[in-house]
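**Student:** Let me give you the structure first, and then I'll get to my questions.
The values are calculated or read from the model by the stated rules, or taken from the named source; none is laboratory data. From a predicted model like this one, the values you see are computed outputs, not experimental measurements. Counting neighbours? That spans all protein chains shown, and the Cβs are built from the backbone with ideal geometry, glycine included. Please note that ligands, DNA and RNA were not included when accessible areas were found on the heavy atoms of the full protein model with its side chains. Shrake-Rupley method; radii C 1.70, N 1.55, O 1.52, S 1.80 Å.
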Amino acid sequence: MNGAVSERDNLILAAQSGDQVAISRLLAVCQADARRYARRHCQASDVDDAVQESLLIISRKVGSLKAAVAFSSWLFTVIKRECHKLQRMMSRHAPLPEQAAEQQLERRSDEALRIDLAHALESLPAHYLEVVLLRDFEELTIAEIAGRLGEPQGAVKSRLHRARELVREYLLGPDY
């Protein structure tokens, strides 16, 4: 194990002096540890980005590292910082589409929403309107609707889903 440690220390020292081959080898050697550490501190979708960005930072700034023995803790600090940065960036983004849609609908008065919903239902083709009325107004089950229409349940589910999507697009616009 001491041989591996000294080899890594030698890589770090060579990388600090600007040896590009040593930098590449050092990044390859520490990549598995970096990925393992990132999995514990990042959301699953951010692991690859955090590791890549961290290794890029390490490759650019390894020359400013004061002591080779501090490399591991520095690597983990950089990764943890990148994980937090990615998390902050995600939390600043616009709300999820469902939340934004809900917020848009909440801004409308009940009367305006009723009128828009009536217009949305009127805009549906007859075969879509029929399943929406049977399910949402008469409160029939999918099986009951399928029996009444003489169609397979899967076809009824598909038609109901598409009808609701059309109503949603009408109420919110095509961007949602």
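**Student:** Can you tell me which residue within the range 25-47, out of those that are in contact (Cβ under 8 Å) with a residue 12 or more places away in the chain and open to solvent by 70 Å² or more (accessible area, probe 1.4 Å), is farthest from I79 (Cα to Cα)? Can you show your working first?
**Tutor:** Keep residues of the range 25-47 that are in contact (Cβ under 8 Å) with a residue 12 or more places away in the chain, which gives 25-27, 29-31, 33-35, 37-38, 41-43, 46-47.
When the remaining residues are screened for being open to solvent by 70 Å² or more (accessible area, probe 1.4 Å), the result is 25, 29, 31, 43.
On the way: R25: 18, V29: 15, Q31: 11, Q43: 12 Å.
Ranking the qualifying residues of the range 25-47, first place goes to R25.
**Student:** Still on this structure: Going through the range 62-82 one residue at a time, which ones are closer than 15 Å to I23 by Cβ and not in a helix (DSSP H, G or I)? It would help to see each step written out before you state the result.
**Tutor:** In the first step, residues of the range 62-82 are kept if they are closer than 15 Å to I23 by Cβ; the result is 62-65, 68, 71, 74-75, 78.
Within the range 62-82, just L65 meets the criteria.
**Student:** Right, something else. Criterion first (within 30 Å of R8 (Cα to Cα), loosely packed, with under 12 Cβ neighbours inside 10 Å and small (G, A, S)) does S64 satisfy it?
**Tutor:** Values: within 30 Å of R8 (Cα to Cα): yes; loosely packed, with under 12 Cβ neighbours inside 10 Å: yes; small (G, A, S): yes.
Yes; evaluated as a whole, the condition is true for this residue.
**Student:** Just give me the residues in the range 121-176 being surrounded by fewer than 18 Cβ atoms within 10 Å (Cβ to Cβ) and small (G, A, S), in sequence order.
**Tutor:** Of everything in the range 121-176, those that are surrounded by fewer than 18 Cβ atoms within 10 Å (Cβ to Cβ) and small (G, A, S) turn out to be S123, A126, A143, G147, G150, G154, A155, S158, G173.
**Student:** Moving to a separate point now. Within the range 7-46, track down each residue that is within 22 Å of C83 (Cα to Cα) and either modelled with pLDDT under 90 or charged (D, E, K, R) (or both). Lay out the reasoning, then the answer.
**Tutor:** To start, the set of residues in the range 7-46 that are within 22 Å of C83 (Cα to Cα) comprises 26-46.
Result: D33, R35, R36, R39, R40, H41, C42, Q43, A44, S45, D46.
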